[in-house]
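Everything below concerns the one structure shown next.
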Number of protein chains: 2
Amino acid sequence: MGLMGHSRMGLVLSGMRLEGISAYAPEEVWSNARVAARLRLERMRRRAAGSGPLGAEEAKLFETSDRWVRRFIGFQERRFCSDGEATIDLAAQAARLLLERTGTGPGEIDSILFGSVTPTHLYSPPDAAMLQDSLGIPLWNDGRPREIKGADVSLACSTWVSALAMAYSFIRSGMAQRILLIGADRMSATINWRDRSFATVLGDAGTATLCSAVPEDEDWFAPSQFWSWLDGSQADMILTPVGGSRRPDPTADELALGQQRLAMDGAKVRSTLVPFVGGPAADAALTKAGWRFEDLDFVALHEANRTLNASIVGEWRRRGFGGEVLDAGGMFGNTTAASIPLALALNPEQLAAGKRFGLFAFGGGLSASFALGTIRHPLPAFVQLGPR
Amino acid sequence: MGLMGHSRMGLVLSGMRLEGISAYAPEEVWSNARVAARLRLERMRRRAAGSGPLGAEEAKLFETSDRWVRRFIGFQERRFCSDGEATIDLAAQAARLLLERTGTGPGEIDSILFGSVTPTHLYSPPDAAMLQDSLGIPLWNDGRPREIKGADVSLACSTWVSALAMAYSFIRSGMAQRILLIGADRMSATINWRDRSFATVLGDAGTATLCSAVPEDEDWFAPSQFWSWLDGSQADMILTPVGGSRRPDPTADELALGQQRLAMDGAKVRSTLVPFVGGPAADAALTKAGWRFEDLDFVALHEANRTLNASIVGEWRRRGFGGEVLDAGGMFGNTTAASIPLALALNPEQLAAGKRFGLFAFGGGLSASFALGTIRHPLPAFVQLGPR
């Protein structure tokens, strides 16, 4: 209890720091050219299957090139899991790296918040439980079951910041002291190879962040420094047509068409989210916190698409933002729940005490989830590419 | 801010009450006999498909009867969604009922925690966002985007109590004031009709619970009154073999066998979870809270299986529990994320101020999540069967 502040009623109130952050991406690199070749192969298969001639619109969905992807998406390459590799493996690699390098014993973890949109198994078992076993987090203590809190958390591309807000609530309210926060996605499992929209965009990665209780006056955050938004009126902009509880029994035709995979109306995403995240959403979050754009030393913006993100950052610059933009440089694709912690882990030189930062996630739902904070302790960061 | 306590540092600390609870179950009733007939039909199809003779072990998986289900599971009937009805519809029906009957405007909701293992769509959009739209929760306020927090939360049959703990953390830490907590599952979408294990067990339902901030001294809960557990070493006991990120491309044979559906080793579940939940897990939760079994006026135990639950309650009675057991009486099956709030909503006469209660969820993962509380305000409850 020494760490924590106490309210006038004797109740515990803590702050939260990030004590370490790690990222893992699989070995297999997919260049834009390789993605383009895979789409061409799929078009040949589609023709060979003889389901009629390709219309001009459909044919376009298979067409891409390194030049096109660099120009319109800003990505150079991404990494995909091998067959049989799952979200839990990405998370476990990152979490083991984090625990080893920070010298944290599995027995010091009291909670697992597993942020992902690509669970290893449908329905059950949850990834949070599987990670307990992967890491050897102890189940018993003196013959009594040792409490471990947690759950799987999902909110499309806003997953990680939303799970960070939950971690903060757990710690601030005294429900947990040391949380392993995961952001991990095998997005390659969601790709429809008959549609370049997401095929050129998505990538796989796992991250782990250690969220720890600190005295209230060392808090990196505050309740007013989290801001979120849910807008289901535009749910169909980023959507998987079949395979969920609305359509649990896809037909063979639907499966052949890739309807069980993610689809996106990229033009609408851009025309809706750029002005929203670039303007009123960021304004609302800053206003709530009592911050200005000028206060931000750096931001990490969910790497949905680097040209789209450049438009958002352009809006922010016009509003006074003069800081750094941390990202993964188009080398990992859009890794959904992993993107923001991956961007932090890849830029350790920016993670200096005293820096004020903004974490901005947005995406399917539609959804947005933002966090503003100040680094007040050392934040070591670790990256590993391919298994050890 | 008048509602909330303030810590010595001027920060907000609140308690949480439940302000209303509602449950919705679809119109279509499936008796045990109807489930048995459906399994027989599937056996005929399996034979007609001519994939070799049925072995004795496999044949047994199709065999059940009303008598068998009543004896070994204790269920009489359950309700299934119609084709095209999804988890979001179950949740929206329950939430609308709750808002109408409690006189709560959609604009009073600041957060949606959507507990479910059967998302309406894979990957995106999240159900929490879709529910914003279904309920007409306002997105804008004086030309500025109105904050709405939330996410989808999943932890097998422990989902709802885990999401309740998150709701508590949000409110206690001042991150939210009025949360719509959903527990909803279309479990019929997860049934493998070649395996009686879950076919005889699962049911569909949606629930909504209004979680509201109250002054700290009216708190129904406390951080010490939540207890959870994650044990991935037994993850294969309740598992969906294919369709997640480990195996995103099931073969046609696997699909025909129902490998994309939930499977359970029922004997192991019973031999593991009865002694654990009946003994050390419940003891740990009570000890943490400083409560005894004698303190509990009623419990709601996740209705996994009524004979299994009777064994757990038997253990508790031997330890001093003398209260009521609230459940759905075997009339709705195992509704996963909906089971505990459904049991509460079906027993409004028990929800009297002053009552001390325990909510006990356990299941796949393995996982367990418990909450102990005291009713301190009126708790209206509403149930609706079939759409209005």
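Here, each number is a calculation from the coordinates, and none is a lab measurement. For clarity, every value in this text was computed on a predicted model and none was experimentally measured. Every residue, glycine as well, gets a Cβ built from its backbone with ideal geometry; the counts of neighbours run over all protein chains shown.
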* Asked: Which values of log₁₀ I(q)/I(0), to two decimal places, follow from the Debye formula for region A:1-143 at q = 0.10, 0.21, 0.22 Å⁻¹ with a uniform point scatterer at every Cα?
  -> -0.61, -1.28, -1.31
* Expressed in nm to one decimal, what extension gain is obtained for the pair B:D142 and B:S233 from 0.36 nm per residue of sequence separation less their Cα-Cα distance? -> 27.6 nm
* Asked: How many nanometers, to one decimal and shortest first, lie between the label point of A:P275 and those of its other copies, if labels sit 7 Å from Cα toward Cβ?
  -> 6.5
* Cα→Cβ-extended label distance, 7 Å offset, between A:R40 and B:S82, nm -> 5.0 nm
* In nm to one decimal, list the spacings between the B:S65 label point and its equivalents in the other copies, with label points set 7 Å along Cα to Cβ, shortest first. => 7.2
* Structure fact -> The convex hull of the Cα atoms of chain A, divided by residue count, gives a volume in Å³ per residue of 152 Å³
* Using the charge dipole of region A:223-385 (Lys, Arg: +1 at Cβ; Asp, Glu: -1 at Cβ; taken about the Cα centre), state which of A:H302, A:L385, A:S224 has its Cα farthest towards the positive end. => A:S224
* Find the all-direction average of the projected area of the Cα convex hull for region A:223-385, expressing the result in square nanometres with one decimal place. => 11.3 nm²
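Quick one: compute the contact order of chain A, relative version, from alpha carbon pairs under 8 angstrom and 6+ residues apart, as a percent.
That works out to 26 percent.
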* Asked: Considering only the other residues whose Cβ falls under 15 Å of the Cβ of B:L326, what net charge follows from Lys and Arg at +1 and Asp and Glu at -1?
  -> -2
* About the Cα centre, charge dipole magnitude for region A:223-385 (Lys/Arg +1, Asp/Glu -1 at Cβ), debye -> 320 debye
* Structure fact -> Quick calc, B:R178 & A:D217: beta-carbon distance into FRET formula, R0 25 Å, rounding 0.05, result 0.30
* Structure fact -> per DSSP, antiparallel bridges as share of beta bridges in region A:223-385, % nearest 5, sits at 70 percent
* For n ≥ 4 DSSP H runs only, could you compute -39500 (n - 2.57) per run for the protein assembly as shown, divide by its residues and tell me the 222 nm figure to the nearest 500? => -9000 deg cm²/dmol
* Measure of size requested: the Rg and Dmax of region B:145-193, with Cα atoms as the atom set and Å as the unit; please supply both. => 13.7, 46
* Straight-line reach from A:K268: which lysines have a Cα under 29 Å away, not including same-chain ones fewer than 8 places off? -> A:K60, A:K288, B:K149
* Can you list the aspartates and glutamates whose alpha carbon sits under 17 Å from that of B:K355, skipping same-chain ones fewer than 8 residues off? -> B:E19, B:D217, B:E218, B:D219, B:E294, B:D295, B:D297, B:E324, B:D327
* Give the nm distances, rounded to one decimal, from A:D297 to the matching residue in every other copy, measuring between label points 7 Å along Cα toward the beta carbon; shortest first. => 5.3
* **Gyration tensor (alpha-carbon) shape descriptor, region B:97-205, a/c threshold 1.5** => prolate
* To do: Amide H neighbours of B:V117 under 5 Å, at least 5 residues apart or on other chains, H built in the peptide plane: list them.
  => B:A337
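Let a ≥ b ≥ c be the square roots of the eigenvalues of the Cα gyration tensor of the protein assembly as shown; is it rounded (a/c under 1.5), or, if not, prolate (a/b larger than b/c) or oblate?
Numbers: a/c = 1.57, a/b = 1.08, b/c = 1.45.
Here the protein assembly as shown falls in the oblate category.
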* Asked: What is the magnitude of the charge dipole of the protein assembly as shown about its Cα centre, with +1 placed on the Cβ of each Lys and Arg, -1 on the Cβ of each Asp and Glu, and no other charges, expressed in debye to the nearest 20?
  -> 840 debye
* Asked: Where the Cα atoms of region A:34-105 are projected onto their three principal axes, how long is each span, largest first, in whole Å?
  -> 59, 30, 16
* Structure fact -> With the charge dipole of region B:223-385 built from beta-carbon charges (+1 for Lys and Arg, -1 for Asp and Glu) about the Cα centre, the Cα from B:G333, B:I238, B:I375 projecting farthest to the positive end belongs to B:I375
* **Debye equation applied to the C-alpha atoms of region B:175-245, log10 I(q)/I(0) at 0.20, 0.28, 0.29 Å⁻¹** => -1.05, -1.28, -1.30
* Structure fact -> Helix B:159-172: inclination vs chain B longest Cα principal axis, degrees, rounded to 10, gives 10 degrees
